[in-house]
Amino acid sequence: MATIDGPSGGASGAGALPAFAVVSRTGRRRRPSGEPPPLPRPINTSGWVYLSAAGGVLAVWTLLWLGKGAEPLSDALLRADLAVLRWFERLRTDALPAVMHDVHALGSERTAQALRWVTVLALLVLRRFRHLLVFLGVILVVGTVTAASSLAIGRLRPVGVEILGSWDGYAHPSAPVVALGLSLVGIVYTLVPGGTWRNRAKWVAGVPIVALAASRLYLGVDHPSDVFVGAVLGMAIPVVAFRLLTPNDVFPLSYRRGRTAHLDVGGRRGEAIAEALQTQFGFALVELRHFRLESSAGSTPLLLRVCRTVDREPTEVFAKLYAHAHLRSDRWYKLGRTIRYGRLEDEGTFSSVRRLVEYEDYLLRVMADAGLPVPLSYGFAEITPEREYLLVTEFLTGAVELDDAEVDEEVIDSGLRVVRQMWDAGLAHRDLKPANVLVRDGKVFLIDVAFATVRPSPWRQAVDLTNMMLTLALRSSAEQVYERALQWFHPDEIAEALAASRSVTIPSQLRARLRADGRDLLGCFRQLAPERPPISIQRWTLRRMGLTLAAAGSVVAAAALLVFYLTATGLL
């Protein structure tokens, strides 16, 4: 049992511990109850503003909806609206209405359509397809909600106030305010980088929206509550949608050349990582940087330089940062494969980010216990509970990807021996490709075991053998790999593996390498191995049929919403 010492002096700066921190001799510290995690995610001021605005909209809708059958319920709202409109009416002069008419033109459908088309074209040119899809989805949803609520409430234009401006349709919510707010917020969140520039852009975008709202009140076209609800629908809903579906820390906007990082590890997140490493591992962080982002799509790979104490020499460790966005991507990826190919075995999704990182840590330990050449896992650190975790493993110094290695018989034997060991231990990697096969001193190492599984089906193990043989043959020849494979596998086992493999069972990176290579390596292997008919992998299960019907229904529902929106807005 560890002895408890006083505060550790192992780190300084951003990752330094509070003065009251109590750590063990290993440098680790248990977070006391009630203390926030390294990177807390509380609801900030803007979040409370949006929640309050949503509550205000629900209150207004409740009064207007109930007031259709019992007028006294909406009298208070109507009196407040008319009081504000009469105040604006008293401000009217001979010259000011002409100015307000010009400002009122900002709410025209032509202005909104021009802004949206410019945004769509810019996103296509910049290849920001995720932002484009979210933008189009927000336009459809907000437009449908606006049209539906307008028809459901059916509020007339202000009574008792002279209307000076043009109008069309029902008054609630204010459709021009919705359209302009949605268009400008879309520009801010899809084209302006986060941080200082975006904060400034928000203030700039707010000016025409406020001016349009003021002009419509001045001209007596809308009630104040109409404008308020229009502003919330046109601004708050898009902001929440973009923050949830295209968070800036996961999908940052940048106009610099180069590959965009998966997750930004500077600022508060970098400080949180330093604190988590110190308190949960006893590591003092010396350096933190991204590492080979092009080889990873399901996490953010990092290279860390850490040391146990200040006096010891820093050492390098590898880490993978997992966040909720990676979990969501994994679910969509597996859902698409289930619909397209049938449920390939072991394609189940994870319930949380914690389960995802626990699973990979567990598989690394299971494979190490089975004697497989995998990096040593040091465990994982909690950055934000249920949202972000950091898996820390040994960094294989001196190892290179198979694409960059000299592949001789020793390397081929090592790779095939690894597959044989997995078969004997009842394991499958499920993602064998050049990026996940490293070579050091003639020995093969496996990395990225997030897709691995225990007690897989024979079909799944057979696929691993084919993918390893193809990976090795890219740097040698099919004949050489097949000859060495006979030292570890029976010809019938090789034939079974080749019969179970096709495009869908081969990882995308490996498929790309095979196309670039030009040789039909899979065909060559099949000519060398005993003949065996292909093994079917298409499975029409109840789950697959249900998901397919649900996806088709979603497409039909989206098309119906689009038609309804275009009809309600007069565009169809």
Where a ≥ b ≥ c are root eigenvalues of the Cα gyration tensor, a/c under 1.5 meaning rounded, otherwise prolate if a/b exceeds b/c and oblate otherwise, region 45-245 counts as prolate
Show me 283-290, 228-235, 151-158, 416-423 ranked by packing, highest mean number of other Cβ atoms within 10 Å first. 228-235, 416-423, 283-290, 151-158
Counted neighbours (other Cβ, 10 Å), sorted fewest up, put H490, H223 in the order H490, H223
Check cross-link reach from K334 to the aspartates and glutamates: straight Cα distance under 18 Å, and skip same-chain residues fewer than eight apart. E345, D346, E347, E360, D431, D448
In nm, what is the difference between 0.36 nm times the number of residues separating Y362 and D168 and their Cα-Cα distance? 63.6 nm
For region 390-451 and region 190-244, write down the distance between their C-alpha centroids in whole Å. 53
For the pair T196 and Q527, what calculated FRET efficiency results from E = 1/(1 + (r/R0)^6), where r is the Cβ-Cβ distance and R0 = 45 Å, to the nearest 0.05? 0.10
How many nm separate the modelled label positions at T62 and R268, each set 7 Å beyond the Cα in the direction of the Cβ? 3.2
Let a ≥ b ≥ c be the square roots of the eigenvalues of the Cα gyration tensor of region 399-528; is it rounded (a/c under 1.5), or, if not, prolate (a/b larger than b/c) or oblate? rounded
On a C-alpha basis, how far is the centre of region 84-110 from the centre of region 471-505 in Å? Whole number, if you could? 77
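Every read-out reported here was derived from the displayed coordinates using simple, explicitly stated rules and does not represent laboratory data. Keep in mind the model is a prediction, meaning the values are calculated, not measured. Here the Cβ is made from the backbone with ideal geometry for all residues, glycine too, and neighbour counts use every protein chain on show.
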